[in-house]
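Worksheet for the structure shown next.
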Amino acid sequence: MLVEGTIRWQVTEDCPWDVLLALALRDLAGLAGECAETIPPVHPVPVPIAARRLPADLDGIDRVALAAQWRGWWAGIILRETRPFMSPVRPPHFEVFDRALELQELLHRQYDAAMRWSIDRHAEYERSVRQRGSSLPAIYRLVQRRQLQLRRQSNSFRVDLTVLPLSRYGGWVVAPDTIVVSSSLRDDPEAFQAWFEPIVEALV
């Protein structure tokens, strides 16, 4: 996780493992229309272990229960303060989902595909950070400029940026202090700065 800020304000940037894994499983199961609907499908599309087509085989899995269990998992991982420091989603038994049996079964069937996809996407994010740097210095400059305009220190605030490989270009506010940003927007410095500037103006 990357961090920028002062004692008064903080912005973080991350591409969390569990969030990647959750979105891969959501899209593998064809649940994008009913789970975290505001977040577009991922890109590139993960490839199922069997059948090589989406959605993956859900034979014997209660789709309604699966969607509810996925939403419960998502609520705990999309916010930084409730996301486990170390992912509890571990094979071979996935004990963390002992009370979410449909989700546990989906993991048994598609964990390898979802994890392989997540590893590849996280590696792409890390390469992007090494090559282009973080988006945070640009945000720091925006905050500094806004403080000069207002002739005062910033209000206290925190924003957590979650960078994800999504099929649409843009950003989505998912909680008061949590913003999902597509990799494509984050990797376009001028567009990202223009998109984030009104947020800085509102917060500072």
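What the table below lists for this structure:
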| read-out | value |
| --- | --- |
| Tyr140 vs. criteria in a helix (DSSP H, G or I) and touching a strand residue (DSSP E or B) at 6+ places or on another chain (Cβ under 7 Å) | yes |
| Candidate set: region 66-87, residues that are over 15 Å from Ala32 (Cα atoms) and in contact with an Asp or Glu (Cβ under 8 Å, 6 or more places away or on another chain); chosen: the one surrounded by the most Cβ atoms within 10 Å (Cβ to Cβ) | Ile77 |
| Whichever residue in region 67-115 is under 17 Å from the mean Cα position of the chain (by Cα), in contact (Cβ under 8 Å) with a residue 40 or more places away in the chain and in a helix (DSSP H, G or I) and, among such residues, is nearest to Pro16 (Cα to Cα) | Ile77 |
| Any hit, region 147-156, residues being more than 18 Å from Glu4 (Cα to Cα), surrounded by fewer than 18 Cβ atoms within 10 Å (Cβ to Cβ), touching a residue at least 12 places away in the same chain (Cβ under 8 Å) and among the hydrophobic types (A, V, I, L, M, F, W, C) | yes |
| Every residue from region 106-138 that is at pLDDT below 95, buried (at least 17 other Cβ atoms within 10 Å of the Cβ) and among the charged types (D, E, K, R) | Arg109 |
| Pairs where the first residue, in region 175-204, is on the phi > 0 side of the Ramachandran plot and the second is of a type in the set (A, V, I, L, M), C-beta under 8 Å, 6+ apart | none |
| Filter result for Phe85 (out of contact with any Phe, Trp or Tyr (no Cβ under 7 Å at 6 or more places or on another chain) and on the phi > 0 side of the Ramachandran plot) | no |
| Test result for Ala22, free of Cβ contacts under 8 Å to residues at least 60 places away in the same chain and either over 15 Å from the mean Cα position of the chain (by Cα) or not in a helix (DSSP H, G or I) (or both) | no |
| Qualifying residue in region 44-61 (condition: surrounded by 16 or more Cβ atoms within 10 Å (Cβ to Cβ), over 21 Å from Ala175 (Cβ atoms), out of contact with any His (no Cβ under 8 Å at 6 or more places or on another chain) and of a type in the set (Asp, Glu)) | yes |
| Total residues in region 144-192, condition charged (D, E, K, R) and within 14 Å of Pro41 (Cα to Cα) | 1 |
| Matching option when the condition is over 29 Å from Asp177 (Cβ atoms), modelled with pLDDT of 95 or more, out of contact with any Pro (no Cβ under 6 Å at 6 or more places or on another chain) and not assigned by TED's automatic domain parsing to the domain that holds Arg168, among Glu102, Glu37 | Glu102 |
| So Val129, is it farther than 29 Å from Pro46 by Cα and either acidic (Asp, Glu) or more than 14 Å from the chain's Cα centre (by Cα) (or both) | no |
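Conditions tested, residue by residue: (1) in contact with a Gly (Cβ under 7 Å, 6 or more places away or on another chain); (2) under 23 Å from Leu25 (Cβ atoms); (3) of a type outside the set (A, V, I, L, M, F, W, C); (4) surrounded by 13 or more Cβ atoms within 10 Å (Cβ to Cβ).
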residue	(1), (2), (3), (4)
Pro91	no, yes, yes, no
Glu95	no, yes, yes, no
Pro165	no, yes, yes, yes
Trp172	no, yes, no, yes
Val180	yes, yes, no, yes
Glu190	no, no, yes, no
Pro198	no, no, yes, no
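The values are calculated or read from the model by the stated rules, or taken from the named source; none is laboratory data. The structure presented is a predicted model; accordingly, all values stated were derived computationally and were not measured. Because the Cβ atoms are built from the backbone with ideal geometry, glycine has one as well, and the counts that use them run over all protein chains shown.
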